[in-house]
1. For every helix of n ≥ 4 consecutive DSSP H residues, a contribution of -39,500 (n - 2.57) applies; sum these over the chain, divide by its total residues, and give [θ] at 222 nm rounded to the nearest 500 deg cm²/dmol.
2. Taking all protein chains as present, what is the carbon and sulfur share of the accessible area of the stretch 11-134, in % to the nearest whole number, probe 1.4 Å?
3. Averaged per residue, what accessible surface does the chain expose to a 1.4 Å probe, in Å²?
4. Mind checking the full-extension length gain between Glu64 and Glu147? Use 0.36 nm per residue of separation minus the Cα-Cα distance, one decimal, nm.
5. Which ³J(HN,Hα) values, rounded to whole Hz and listed in residue order, are derived for the stretch 135-146 from phi using the Karplus coefficients 6.51, -1.76 and 1.60 in 6.51 cos²θ - 1.76 cosθ + 1.60 with θ = phi - 60°, glycine and proline given as x?
6. Under a Cβ-Cβ cut-off of 10 Å, what is the net charge of the residues other than Val13 that fall near it, where Lys and Arg count +1 and Asp and Glu count -1?
7. Among Tyr180, Leu25, Ser190, flag the residue with its Cα farthest along the positive direction of the charge dipole of the chain, charges on Cβ as +1 for Lys/Arg and -1 for Asp/Glu.
8. Report the GluC sites (Glu not before Pro) located in the stretch 1-108 that are in a DSSP loop and have at most 16 other Cβ atoms inside 10 Å of their Cβ, or state none.
Amino acid sequence: MDVRDLVTGHYGVTEDLATRILRALSGAGVDTDHLGAPDLFPVDQLHAGGAPASKYVLDRLGIEPGMRLLDVGCGIGGASRMAAMTGAAVTGIDLTPEFIETARVLSDRVGLADRLEFLSTAGESLPLDDGSFDAAVMVHVGMNLPEKTAVFAEVHRVLRPGGRFALYEQVRTGEGDLPYPLPWAEDERSSFVETVSDYCAHLERAGFEVEDEEDRTPTTLGPPPQGPVSNAVVFGPPFMQRIANNVAATKAGLLGAWLLLARA
Ligand SMILES: C[S@@+](CC[C@H](N)C(=O)[O-])C[C@H]1O[C@@H](n2cnc3c(N)ncnc32)[C@H](O)[C@@H]1O
């Protein structure tokens, strides 16, 4: 099976995901008729470290009101909405159509739709104009990308000269078999975890200058964020096993969460 089919099959859900999220929040006592973007943080951040990690990445990127931001592999729009809250104009793109539909519904629901657009497309071929963004972010997507240089070249093309690209990714930090299933893949057919130096090489081949690399792994090893509802409620019990495997591989020194900052 094609990698993209495996990826969309892994993340795609049959039932209306937005309804499932709203029902779970409502069941946990959240007033879903008066929802703000932060109410969604416990469920819309599909990466290690949750909302604090997105905030850190966006702060390091230097998001400002009016900035045009591209969110590559935006999932259901967690980081996109957080950036839009600061006044940025955000385009989120993702391969999984159900996630894009969910991102649109949730953004509308929290009153941020006018600052956000979501496109169902692959990062390898962006239907976006050259130089049309000030900055780009990619959070926990590289693990699903077999050809990272191709995606980074597209991000480079749509950024203005000097625009910054922040990547927050699960990377290989040691040798050994990974314990599948992991949150991003059932097995190695759709999992392409690489080292920080591999990432730097892909970025440089795509035309970027790497400005900083930071090991964020320690921030991902604490207890999961507390809240009235969690990702597990939304994505089901198998998700807990995938997270547990991710944490075990991290503690064993096989995986780490790193931030890279690059300039076009
Ligand atoms: C672990 S989720 C992270 C989602 C989001 N960035 C977040 O942190 O909440 C990985 C996302 O990457 C998307 N993805 C995987 N391969 C992709 C590709 N080739 N182009 C665009 N999106 C892709 C998946 O559909 C999925 O939504």
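1. -11500 deg cm²/dmol
2. C and S fraction of accessible area: 50 percent.
3. Accessible area per residue, the chain: 43 Å².
4. 26.8 nm
5. 7, 9, 9, 9, 10, 6, 10, x, 4, 9, 9, x
6. That sum, taken over residues with Cβ under 10 Å, equals -2.
7. Of the listed residues, the answer is Leu25.
8. Passing both the DSSP loop test and the Cβ count: Glu15.
The values are calculated or read from the model by the stated rules, or taken from the named source; none is laboratory data. Keep in mind the model is a prediction, meaning the values are calculated, not measured. Glycine gets a Cβ as well: all are built from the backbone with ideal geometry, and neighbour counts include every protein chain shown. All accessible areas refer to the heavy atoms of the entire protein, side chains included, with ligands and DNA or RNA removed. Shrake-Rupley method; radii C 1.70, N 1.55, O 1.52, S 1.80 Å.
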